[in-house]
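Engineer: One structure, as structure tokens, below. Some questions next.
The values are calculated or read from the model by the stated rules, or taken from the named source; none is laboratory data. Just so you know, these numbers come straight off a predicted model, no measurement behind them. Using ideal geometry, Cβ is built from the backbone for each residue, glycine included, and neighbour counts are taken over all protein chains shown.
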Amino acid sequence: MRLILLFSLSLCTLSGFAQKFHLFVGTYTNGNASKGIYVYQFDAATGEATLVSTAATASPSYLALAPGGKFLYAANESEGNDSSGVSAFAFDKNTGQLRFLDRQSSGGDGPCYVSVDARRKWLMVANYGGGSLAALPIRADGSLGALTQLIQHSGAGPNKERQEKPHVHSVTFTPDDHYLITADLGLDELSVYTFNAAAAAHPLSASPASTLHMGPGDGPRHISFYPGKPYVYAMMEMGGAVDVLRWTNGKLVATQHISSLPEGFKGDIGSADIHVAPKGKFLYASNRGDANSLAIYAIDTATGKLTIKGFEPTQGATPRNFMIDPTGRWLLVANQRSDNIVVFSIDKATGLLKSTGKQLSVPAPVCLKMSKY
């Protein structure tokens with residue numbers, strides 16, 4: 001009887017830990033009270049978050065966790081000054097503290113996106129202002145070496161104000177880690193580069209293995225893969241739409257173009273982030289500008305195509321980034337200009353969102369990531 005009781009208590013303890021995660025918040029630090037990166041304990045059983053620590057660094061506008069959760073990387077986004085670059089941190093899961101390791105140049109202005117390969121060998125950086133992508137080696141201790149490869153995009157798009165030159169907005173590894181996909185808002189292009197983690201200095205092919213041209217003036221920003229199936233979803237920042245793509249043998253093929261805004265919407269458009277729910281039934285996309293909403297889609301698992309389910313106000317201004325927690329129960333949205341992170345519950349049957357009343361007050365939050373506790 002005692003053994004059964006101890007076993008039951010152990011299961012309860014393990015279950016409790018399984019419901020807890022570390023939440024990392026990246027912010028803009030220019031002209032506000034932000035301290036840099038904020039670390040919270042997030043309880044997936046309740047949707048509650050508790051501040052654990054902060055780490056000072058300049059405008060960590062995008063974050064990437066290395067596999068295993070022991071290292072965190074930040075894009076220090078700025079234009080044309082010495083604070084622009086990428087930073088590496090070691091993370092202590094027991095204390096919830098980040099320890100600064102080093103910072104390197106990203107090779108271009110406005111680094112806005114970072115990603116780490118599955119073997120933790122390389123950090124990839126998108127330089128929005130510079131219109132380039134960079135590869136930096138990751139050392140065994142998690143620190144960064146100086147960049148060893150810089151690929152410069154060239155050209156322009158039809159919108160003379162927003163697309164006067166290339167603007168690489170994201171760099172995303174494919175699930176098999178064999179390719180890297182870039183979204184270039186300035187060129188209206190998604191480019192696929194071959195990736196070799198074992199390379200000594202140049203892990204990416206010098207030129208794209210394939211390129212998909214999006215609609216003129218659409219401005220691709222972020223992408224999200226469907227788990228276990230060859231479907232890719234691309235957010236069009238300027239066009240206010242989602243493009244459904246099929247991923248086949250290193251190439252992207254467009255299959256659907258669907259609005260992320262209500263029919264007849266007339267306001268300013270500024271679509272931003274996009275994520276497939278963990279079990280693949282639903283897709284969510286954020287709209288900034290005058291909409292300040294989350295578009296909710298059902299996914300046809302046989303084709304990958306989307307059907308709009310509805311729109312949810314984000315209860316704040318400029319939802320630049322959002323995330324779905326690993327359990328699929330909660331959606332957290334970072335509202336940059338209203339300084340709040342709002343927690344919604346997800347209806348697992350319909351995908352619709354419901355306000356929980358839970359909010360975090362954080363100056364200019366723009367990126368959310370989670371790791372196991």
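Engineer: Looking for something free of Cβ contacts under 8 Å to residues at least 60 places away in the same chain, under 15 Å from Leu353 (Cα atoms) and more than 18 Å from the chain's Cα centre (by Cα) - is there at least one such residue anywhere in region 293-307?
Structural biologist: Within region 293-307, the subset free of Cβ contacts under 8 Å to residues at least 60 places away in the same chain is 293-298, 300, 302-303, 307.
Still in the running and under 15 Å from Leu353 (Cα atoms): 293-298.
After this cut, where a residue has to be more than 18 Å from the chain's Cα centre (by Cα) as well, the list is 297-298.
Yes, region 293-307 contains at least one residue that is free of Cβ contacts under 8 Å to residues at least 60 places away in the same chain, under 15 Å from Leu353 (Cα atoms) and more than 18 Å from the chain's Cα centre (by Cα).
Engineer: Okay, next question. Quick check on this structure: which one of Ser259, Ser207 is over 23 Å from Pro313 (Cβ atoms) and at pLDDT 95 or above?
Structural biologist: Numbers: Ser259 fails: over 23 Å from Pro313 (Cβ atoms).
Of the residues listed, the single one that is over 23 Å from Pro313 (Cβ atoms) and at pLDDT 95 or above is Ser207.
Engineer: Something else: Hey, could you check region 36-50 for residues that are free of Cβ contacts under 8 Å to residues at least 40 places away in the same chain and closer than 16 Å to Asn340 by Cα and say which is surrounded by the most Cβ atoms within 10 Å (Cβ to Cβ)?
Structural biologist: Filtering region 36-50 for residues free of Cβ contacts under 8 Å to residues at least 40 places away in the same chain gives 36, 43, 45-46, 50.
Going one step further and asking which of them are closer than 16 Å to Asn340 by Cα, we end up with 36, 50.
Numbers: Gly36: 21, Thr50: 11.
Applying the filter and picking the extreme gives Gly36.
Engineer: Which residue pairs have Cβ atoms closer than 9 Å, lie 6 or more positions apart in sequence or on different chains, and pair a first residue in region 344-373 that is closer than 16 Å to Phe322 by Cα with a second residue that is in a loop (DSSP other than H, G, I, E, B) and β-branched (Val, Ile, Thr)?
Structural biologist: Phe344/Thr314; Lys358/Thr46; Pro363/Thr29; Ala364/Thr29; Val366/Thr318
Engineer: Moving on to the next point. Select from region 100-109 the residues that are touching a strand residue (DSSP E or B) at 6+ places or on another chain (Cβ under 6 Å) and either assigned to a loop (DSSP other than H, G, I, E, B) or farther than 18 Å from Thr57 by Cβ (or both) and list them in ascending order.
Structural biologist: Scanning region 100-109 gives Ser105, Ser106, Gly107, Gly108.
Engineer: Please find, within region 233-257, the residue that is nearest to Tyr179 (Cα to Cα) out of those that are in contact (Cβ under 8 Å) with a residue 40 or more places away in the chain, in contact with a Phe, Trp or Tyr (Cβ under 8 Å, 6 or more places away or on another chain) and buried (at least 17 other Cβ atoms within 10 Å of the Cβ).
Structural biologist: Trp247
Engineer: Now a separate question. Looking only at region 17-71, which residues are farther than 21 Å from Asp325 by Cα and small (Gly, Ala, Ser)? I'd like the intermediate steps shown before the answer.
Structural biologist: Filtering region 17-71 down to residues farther than 21 Å from Asp325 by Cα leaves 28-36, 55-59.
Correct list: Gly31, Ala33, Ser34, Gly36, Ala55, Ala56, Ala58, Ser59.
Engineer: Residue check: is Ala33 assigned to a loop (DSSP other than H, G, I, E, B), at pLDDT 95 or above and surrounded by fewer than 21 Cβ atoms within 10 Å (Cβ to Cβ)?
Structural biologist: So Ala33 fails the test.
Engineer: Need at least 1 residues that are of a type in the set (A, V, I, L, M, F, W, C), over 19 Å from Glu48 (Cα atoms) and in contact with a Lys or Arg (Cβ under 9 Å, 6 or more places away or on another chain) per element, so show me which strands (runs of 3 or more DSSP E) inside region 314-373 make the cut, counting only ones lying wholly within it.
Structural biologist: Numbers: elements: 319-324, 330-335, 340-346, 353-361, 365-372.
Passing ranges, in order: 365-372.
Engineer: If you check every pair at least six apart or on different chains, which have Cβ atoms under 7 Å apart with a residue in region 321-332 that is on the phi > 0 side of the Ramachandran plot first and a residue that is of a type in the set (A, V, I, L, M) second?
Structural biologist: Short answer, once both residue conditions are applied: Gly328/Ala277; Gly328/Ile346.
Matching residues to (1) in a loop (DSSP other than H, G, I, E, B); (2) small (Gly, Ala, Ser):
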residue: Asp218; (1), (2): yes, no
residue: Arg221; (1), (2): no, no
residue: Lys229; (1), (2): yes, no
residue: Tyr233; (1), (2): no, no
residue: Met238; (1), (2): yes, no
residue: Val242; (1), (2): no, no
residue: Ala254; (1), (2): no, yes
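Engineer: Show the residue pairs meeting these rules: Cβ distance below 6 Å; 6+ apart or different chains; first residue within region 270-281 and under 15 Å from Ser259 (Cα atoms); second residue in a loop (DSSP other than H, G, I, E, B) and not β-branched (Val, Ile, Thr).
Structural biologist: These pairs meet every condition: Gly270/Arg288; Gly270/Gly289; Ser271/Glu237; Ser271/Gly240; Ser271/Ser260; Ala272/Arg288.
Engineer: Does region 315-329 contain at least one residue that is within 19 Å of the chain's Cα centre (by Cα), of a type in the set (A, V, I, L, M, F, W, C) and crowded, with 22+ Cβ neighbours inside 10 Å?
Structural biologist: Yes: one or more hits.
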